[in-house]
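Inspection log for the structure reproduced underneath, given as structure tokens.
The values are calculated or read from the model by the stated rules, or taken from the named source; none is laboratory data. Keep in mind that this is a model prediction, so the values were computed, not measured. All Cβ positions, glycine included, derive from the backbone under ideal geometry; neighbour counts span all protein chains shown. Side chains are part of the model used for accessible areas, which takes the heavy atoms of the whole protein and leaves out ligands, DNA and RNA. Shrake-Rupley method; radii C 1.70, N 1.55, O 1.52, S 1.80 Å.
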Amino acid sequence: MDNTSGRRWARTFLGIALFVSVVGNIGHTVLADSEISLWLRVPGAVVWPFFTFGGIEIVVRMVWERSFTHRLGRNIILLPAIPAAITSYQHLYSLLLMMGEERFIASIGPLAIDGMMIGCTMVLLFTRPGTPPADVEPALQRLEALALDQTMG
């Protein structure tokens, strides 16, 4: 099965979602009232989507073991990623309200952007070349164990 075209679309929309999130966070920062210079606020606005994106990519793409150290590492990565996602969501939500959107649309719009980032990352993870589907791996392990038993016995 060739997933090249689908993976290309997933990679493209992952980039688009990150771009839209960054632009939205910058837009909110530019339009929000503040006495702090834009030169200081804009770099701060860019941090939130990139920390969200980085956290998603690391958590999803790592091959995690069932160990204390891996759970600790995963939680430490999520520690900045979750508040960054919430902050980014709030900025996009506020931006949509400033633009005159209804509260319902302002509430679900940011979820579409972050959902696209998460979904595209998952697609890229689960369709990477050389990785058997999740339900095939246990069957392959049983076959290998059976073959080993037959050669030894």
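Among the residues of region 40-55, are any touching a Ser or Thr at 6+ places or on another chain (Cβ under 7 Å), among the aliphatic types (A, V, I, L, M), surrounded by fewer than 17 Cβ atoms within 10 Å (Cβ to Cβ) and on the phi < 0 side of the Ramachandran plot?
Pass one, region 40-55, residues touching a Ser or Thr at 6+ places or on another chain (Cβ under 7 Å): 41-42, 45, 48-49, 52.
Next, only the ones that are among the aliphatic types (A, V, I, L, M) stay: 42, 45.
Adding the requirement that they be surrounded by fewer than 17 Cβ atoms within 10 Å (Cβ to Cβ) leaves 42.
Keeping just the survivors that are on the phi < 0 side of the Ramachandran plot gives 42.
Looking for residues that are touching a Ser or Thr at 6+ places or on another chain (Cβ under 7 Å), among the aliphatic types (A, V, I, L, M), surrounded by fewer than 17 Cβ atoms within 10 Å (Cβ to Cβ) and on the phi < 0 side of the Ramachandran plot, one finds at least one in region 40-55, hence yes.
Taking region 1-36 only, how many residues are farther than 22 Å from residue 89 by Cβ and open to solvent by 80 Å² or more (accessible area, probe 1.4 Å)?
Looking only at that region, the number is 6.
For region 65-90, enumerate the residues that are open to solvent by 70 Å² or more (accessible area, probe 1.4 Å) and among the hydrophobic types (A, V, I, L, M, F, W, C).
Selection gives 68, 72, 76, 79, 82, 86.
Does residue 66 meet the test of being within 29 Å of residue 129 (Cα to Cα), in a loop (DSSP other than H, G, I, E, B) and without any contact (Cβ under 8 Å) to a residue 60 or more places away in the chain?
Yes, satisfied.
Of the numbered conditions (1) open to solvent by 80 Å² or more (accessible area, probe 1.4 Å); (2) modelled with pLDDT under 90, residue 124 fails exactly one; give the number of that condition.
(1)
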